[in-house]
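To keep things clear, I will list the structure first and then write my remarks on it.
The values are calculated or read from the model by the stated rules, or taken from the named source; none is laboratory data. Since we're looking at a predicted model, the values are computed, not measured. FYI the Cβ positions are ideal-geometry reconstructions off the backbone, even for glycines, and counts take in every protein chain you see. When the accessible area is computed, the model is the full protein with side chains, heavy atoms only, and any ligands, DNA or RNA have been set aside. Shrake-Rupley method; radii C 1.70, N 1.55, O 1.52, S 1.80 Å.
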Amino acid sequence: MTASTSFLHGAARVAGRNLTVWRRYAAASALGNFGEPLLYLIALGYGLGRVVPPIDGLSYAEFLAPALIVSTVMYTATFEGTFGAYTRLTTQGTFEAILATPVTISEIVTGEILWGGLKSAFGATVVLVVVRAFGLVPSWLALGVLPLGFLAGAMFYAMALCMTALSKSYEFFNYYFTLLVAPMYLFSGVFFPLEGAPPWAHRLAQVLPLTHVVAVSRALVRGQPSWHTVGHAAVVLGCAAAAMALAARLLRRRLQI
Amino acid sequence: MSPVVEACALEKRYADFVAVAGIDFQIAPGECFGFLGPNGAGKTSTMRMLQSVSLPSAGTLRVLGMDPRHDGKRIRTRLGVCPQADNLDPDLPVIDNLLVYGSYFPQARAVTARRADELLEFVALGDKKNHAIPELSGGMKRRLVIARALINEPELLLLDEPTTGLDPQARHLIWTKLRELRARGVTMVLTTHYMDEAERLCDRLVIMDGGKILAQDSPRALIDAHVGQEVFELGASAAEARDFLAGLDLCGASHEHTGDLLAVFLSAKHQLSERLIERARGAGSRYLLRNATLEDVFLKLTGRELDE
Ligand SMILES: Nc1ncnc2c1ncn2[C@@H]1O[C@H](COP(=O)(O)OP(=O)(O)OP(=O)(O)O)[C@@H](O)[C@H]1O
Ligand SMILES: [Mg+2]
């Protein structure tokens with residue numbers, strides 16, 4: 001037997017465990033990723049869109065589609081990182097069981113975040129296929145939303161893990177969803193353009209990580225990246241790194257007793 | 001041979017609460033070593049330190065010759081752990097519980113797969129391979145946890161209350177399996193509330209209470225030293241017990257009265273049992289002469305009252 005396992009092996013096995021479980025429910029999971037954005041696209045993109053004037057020369061459905069891809073990413077990662085991870089941390093004792101093996105706390109955190117990124121990238125793929133079917137994806141650059149989905153998913157998952165590490169019950173997540181996730185969904189330029197909003201609102205939106213993810217997604221799907229896009233991507237990367245570092249700290253404090 | 005576990009002035013504090021208050025013990029290769037103690041004695045806290053997950057607050061600890069502070073990963077590679085609370089993965093069927101757990105160890109998938117099959121047979125769950133965890137009975141879950149702990153062929157097996165809550169059949173089956181492992185040379189550390197379990201399985205054990213070790217030896221030696229060979233029990237109120245003992249020369253044998261029971265602890269040298277029985281018959285009292293057990297030692301050392 002080799003002396004011990006590497007960091008990456010441990011992290012990959014933790015992600016692998018979640019993948020093994022998910023494969024058993026993959027159909028239901030894909031249906032969730034597929035159904036909800038589809039309903040939004042029909043009701044808002046085409047229903048509401050009939051009375052909305054074009055935005056920057058785009059129909060409302062064309063405007064909405066790239067943002068639906070990444071709002072799915074946010075919700076997928078956030079649900080998994082709160083309710084899913086909290087169940088593994090507490091009731092199921094999954095992390096406790098893993099900690100009896102050579103896998104370390106840092107490997108668990110890394111593996112979990114890796115998993116959050118993968119699951120989110122899968123969600124992004126499903127929505128991309130849906131909006132492509134509606135003819136709303138003009139550029140091949142849109143394939144870039146898969147790595148974007150992974151990165152943003154990892155970021156939102158790490159943010160959610162911070163909440164999980166602090167939480168004493170499932171109810172605690174209501175604060176997070178009501179005070180951060182829902183406002184982010186509504187005010188990050190998913191449903192209306194931030195350009196033209198009052199300057200204070202515009203500035204406030206820049207604080208919300210989803211704003212930057214939406215900006216990158218729109219540039220990729222429309223096939224019009226610019227230096228601004230690179231800037232937004234850098235912000236996402238920075239937020240992801242910060243959230244991961246914090247999640248690792250908080251979870252270590254919670255697990256190492 | 002150098003000890004498998006070596007603890008010196010080992011301490012565990014949670015905030016300012018002292019759960020393990022400086023204990024010393026050594027465990028030799030191939031030994032089955034027990035921790036006996038009432039609820040809250042600090043058994044699980046000690047086990048979690050051996051597991052190299054929870055770090056000692058003070059003192060020194062060496063497991064398999066390594067320091068858990070720095071070599072946790074290497075130690076756990078060679079460790080098997082059966083935790084007090086079942087934490088089987090309810091999201092996975094029986095066989096996947098073993099396969100996924102095995103994947104956390106540095107061993108080839110094929111090796112894990114072969115061992116998983118062997119271990120399911122070993123714990124008599126061969127026909128439950130594809131069952132869901134919630135479908136298993138408590139005893140089956142416990143056996144599966146033990147099988148899971150063996151997936152990496154550990155040199156040191158930590159068992160935290162392996163048979164608590166199981167029926168006699170399930171307990172005997174687990175004991176048989178544990179004795180088989182001991183015969184193969186696996187070193188075992190076991191915590192339990194069951195005296196018969198400790199007496200049957202442990203080569204040596206410590207009795208713990210309030211985070212401290214009260215006594216440490218083989219079950220037989222502990223019984224001889226603290227109780228003697230036989231116990232004479234008499235159903236008697238405090239007053240009746242006083243009358244019964246009045247004018248009786250106990251030749252130094254100790255006795256104890258609790259509730260409605262008088263117990264006299266006897267060794268061969270006392271040669272008292274016949275006289276005690278005669279007296280009890282004369283008084284028409286209920287009595288029992290039985291072999292001394294570990295339970296007598298335990299109750300003598302940790303007290304008869306519930307102190308939580
Ligand atoms: N994480 C923790 N934080 C604070 N106190 C703890 C923690 N874990 C255990 N304790 C306390 O430490 C003491 C010893 O607990 P431990 O679980 O080691 O006892 P035990 O001997 O295993 O008991 P039992 O037989 O009930 O399992 C108890 O008083 C318990 O309340
Ligand atoms: Mg315990």
Cut-off 13 Å, label point 7 angstrom out along Cα-to-Cβ of A:Ala242: give me the residues of the stretch A:150-174 whose amide nitrogen falls inside. A:159
Whole-Hz Karplus couplings 3J(HN,Hα) for the stretch A:189-195, θ = phi - 60° and coefficients 6.51, -1.76, 1.60, Gly and Pro as x, run x, 6, 9, 8, x, 6, 4
Name the residues of the stretch A:83-115 whose accessible area falls by at least 30 Å² when all protein chains are present instead of the chain alone, probe 1.4 Å? A:Gln92, A:Glu96, A:Ala97, A:Leu99, A:Ala100, A:Thr101, A:Pro102
Ranked packing of A:69-79, B:210-220, most packed first, by mean Cβ within 10 Å: A:69-79, B:210-220
Considering the stretch B:5-223, what Rg and Dmax in Å follow from its alpha-carbon atoms? 17.0, 49
P(r) over all Cα-Cα pairs of the stretch B:228-291, 10 Å bins from 0 to the longest distance, whole percent per bin, short to long, reads 23, 62, 15
Hey, for a label at B:Ala238 modelled as a point 7 Å past Cα toward Cβ, could you say which residues of the stretch B:258-285 have their backbone N under 13 Å away? B:258-261
Everything considered on the Cα gyration tensor (a ≥ b ≥ c; rounded for a/c under 1.5, else prolate if a/b is larger than b/c, else oblate), the protein assembly as shown must be described as prolate
Checking A:Gly231, A:Gly35, A:Gly196 against a Gaussian network model of chain A (alpha-carbon springs below 10 Å), the top fluctuating residue turns out to be A:Gly196
Ignoring ligands and nucleic acids, A:Cys162 exposes an accessible area, probe 1.4 Å, in Å² to the nearest 10, of 10
What distance in nm separates the two pseudo spin-label positions at B:Arg179 and B:Asp127, each 7 Å out from Cα along the beta-carbon direction? 2.5
Please compute, for the alpha-carbon atoms of chain A, the extent along each of the three principal axes and give them in descending order in Å. 63, 37, 35
Taking a straight Cα-to-Cα line shorter than 21 Å from B:Lys141, and setting aside same-chain lysines fewer than 8 residues away, one finds B:Lys128, B:Lys129, B:Lys177
Within a 10 angstrom radius of each residue's Cβ in B:84-93, how many Cβ atoms of other chains show up on average? Whole number is fine. 5
Report the accessible area of A:Ile257, computed with a 1.4 Å probe over the heavy atoms of all protein chains in place, in Å² rounded to the nearest 10. 100
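Please tell me the relative contact order of the stretch A:36-115 in percent, rounded to the nearest whole number, where contacts are Cα pairs under 8 Å and at least six residues apart.
18
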Using only alpha carbon pairs under 8 Å that are at least six residues apart, calculate the relative contact order of the stretch B:228-291 and give it in whole percent. 49
Give me the percent of the accessible area of the stretch A:7-255 that comes from carbon and sulfur atoms, probe 1.4 Å, all protein chains in place. 71
Chain pair A, B: how much accessible area is buried, both chains summed, with a 1.4 Å probe, in Å² to 100? 2600
Solvent exposure of chain B as accessible area per residue, Å², 1.4 Å probe: 43
Residue separation times 0.36 nm, minus the C-alpha to C-alpha distance between B:Asp260 and B:Arg200: what's the value? 18.6 nm
How large is the helix-only mean residue ellipticity at 222 nm for the protein assembly as shown, computed as the sum of -39500 (n - 2.57) over DSSP H runs with n ≥ 4, divided by its residue count, in deg cm²/dmol to the nearest 500? -16000 deg cm²/dmol
Express the accessible area of chain A per residue in Å², computed with a 1.4 Å probe while the remaining protein chains stay in the model. 45
Checking the cross-link filter: which lysines have an alpha carbon closer than 17 Å to that of B:Lys300, excluding same-chain neighbours under 8 positions apart? B:Lys212
Which order do you get for B:Trp175, A:Trp22 if you rank them by accessible area with a 1.4 Å probe, largest at the top? A:Trp22, B:Trp175
Exposure ranking of B:His172, A:His202, B:His70 by accessible area [1.4 Å probe, largest first]: B:His70, B:His172, A:His202
Taking H placed 1.01 Å from N in the peptide plane, check which residues at least 5 places from B:Gly37 or on another chain put their amide H under 5 Å from its amide H. B:Thr192, B:Met208
Considering Cα pairs under 8 angstrom that are at least six residues apart, work out the relative contact order of the stretch B:5-223 and quote it in whole percent. 30
How far apart, in nanometres, would the label points at A:Glu36 and A:Ala234 be if each is projected 7 angstrom from Cα along the Cα-to-Cβ direction? 3.3
At 0.36 nm per residue, and after removing the present C-alpha to C-alpha distance, how many nm does the segment from B:Gln26 to B:Lys212 gain when stretched out fully? 65.5 nm
